[in-house]
Amino acid sequence: MRIVLIGPPGVGKGTQAALLSRRLGIPHISTGDLFRDHVRRRTPLGRDAQRYLDAGELVPDHVTAGMVRRRLEEPDTARGFLLDGFPRTVRQARELSAILAETGAALDAVLELTAPEDVVVARLRGRGRPDDTEEVIRHRQTVYRRRTAPLLAHYAVLLLTVNAVGTVEDIGDRALTALADLSAGAAGAGAEDGAA
Ligand code: AMP
C-alpha cells in the first residue's frame, strides 16, 4: 500500500508510522528524519535545510520534493511506503502525484491523525528535540494550520481520519482497522463490478 500520514506536529505520526510500517511490511519514510540525517552528515542539502528546521519553517518545496523523489526511486518502495511528514503543502501533493504517475502508481490512502491542540503541544514540550522550544512549537502548529491543513480537502476522497488520543496500540489498531475497511471496500466494489 502507498500511504500518506498527515497530522499536526506532536500528534504521534512518527510513532504510528513506525508501528504501521512494521505491521504492513512497507518502509517508513519521514522527511523530517531525512532532513535531520542530512544536517547531521553536513551535506549541502543539510546546510540549506538547517535554518528552516531550527525556525519551524517548511524547507522550500523543490528541495523537499527532490529529496523525496530520490528516496522513492529506491527499490524497497516497490511494494509500497508510508510517508510521514510529506506532503505538507498542496504543491508537494501535486509533485508527489507526478512522481508516482511516472511509474503508473498512485496513493491508496491518506491517514489523518487528529488530537486537540493542547494535547499535541503538551506532547511536544515533553519530547526535547532541538526544534521543540516553546516559540518554535507554536510556530509549527501555525504552519500546519495554514499550509498543511488545506491538504485534507485536496485528499478528501482518499482520507481516513483516526482519533489519535489513547495508547499507541489502540491508535495503531484504529488505523489498521480503517485501512482494512478500505481494502475490503475496494474488494467489494470489484466484486460488484464483476457481477454486473
Ligand atoms: P518533522 O520531523 O516532520 O516534525 O519535521 C521537522 C522539520 O523538517 C519541519 O519543521 C520542517 O522544517 C522540515 N520538514 C519536514 N518535512 C517537510 C516537508 N514535507 N516540507 C518542508 N519541510 C519539511
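The values are calculated or read from the model by the stated rules, or taken from the named source; none is laboratory data. Source: prediction; values computed, not measured. Here the Cβ positions follow ideal geometry from the backbone for every residue, glycine too, while neighbour counts run over all protein chains shown. Accessible surface is based on the protein model in full, side chains and every heavy atom, while ligands, DNA and RNA are left aside. Shrake-Rupley method; radii C 1.70, N 1.55, O 1.52, S 1.80 Å.
Checking each residue in segment 61-97 for being under 17 Å from the mean Cα position of the chain (by Cα), among the small types (Gly, Ala, Ser) and more than 20 Å from Gly46 (Cβ to Cβ) picks out Gly80, Ala93, Ser97.
Quick check on my filter: what residues within segment 47-84 are of a type in the set (D, E, K, R), within 11 Å of the ligand (Cβ to nearest atom) and in contact with a strand residue (DSSP E or B) (Cβ under 6 Å, 6 or more places away or on another chain)? First the steps, then the outcome.
Going residue by residue through segment 47-84, those that are of a type in the set (D, E, K, R) are 47-48, 51, 54, 57, 61, 69-71, 73-74, 76, 79, 84.
Imposing the further condition that a residue be within 11 Å of the ligand (Cβ to nearest atom) reduces the set to 51, 54, 57, 61, 84.
Once the filter is applied, which keeps residues that are of a type in the set (D, E, K, R), within 11 Å of the ligand (Cβ to nearest atom) and in contact with a strand residue (DSSP E or B) (Cβ under 6 Å, 6 or more places away or on another chain), segment 47-84 yields only Asp84.
Could you go through segment 178-190 and let me know if any residue there is touching a Lys or Arg at 6+ places or on another chain (Cβ under 9 Å) and either open to solvent by 60 Å² or more (accessible area, probe 1.4 Å) or not in a helix (DSSP H, G or I) (or both). The answer is no, given that none of the residues of segment 178-190 is touching a Lys or Arg at 6+ places or on another chain (Cβ under 9 Å) and either open to solvent by 60 Å² or more (accessible area, probe 1.4 Å) or not in a helix (DSSP H, G or I) (or both). Look at segment 130-158: where a residue is without any contact (Cβ under 8 Å) to a residue 40 or more places away in the chain and over 10 Å from Glu57 (Cα atoms) and a partner is in a helix (DSSP H, G or I) and open to solvent by less than 20 Å² (accessible area, probe 1.4 Å), sitting 6+ places away or on another chain with Cβ atoms under 6 Å, you get Asp132/Leu124.
Only a single criterion out of (1) near the ligand (Cβ under 10 Å from one of its atoms); (2) touching a His at 6+ places or on another chain (Cβ under 6 Å) is not satisfied by Ser21, namely (1).
Pairs linking a residue in segment 82-98 that is over 20 Å from Leu19 (Cα atoms) to a residue that is near the ligand (Cβ under 6 Å from one of its atoms) and open to solvent by 10 Å² or more (accessible area, probe 1.4 Å), with Cβ atoms under 7 Å and 6 or more positions apart or on different chains, are Arg88/Leu58; Thr89/Leu58. Once segment 24-37 is narrowed to residues that are under 21 Å from Asp132 (Cα atoms) and surrounded by fewer than 16 Cβ atoms within 10 Å (Cβ to Cβ), the residue that is farthest from the ligand (Cβ to nearest atom) is Asp37. Do we have Arg41 as more than 10 Å from the ligand (Cβ to nearest atom), surrounded by fewer than 20 Cβ atoms within 10 Å (Cβ to Cβ), at pLDDT 95 or above and over 24 Å from Gly166 (Cα atoms) here? Here the answer is yes, as Arg41 does meet what is asked.
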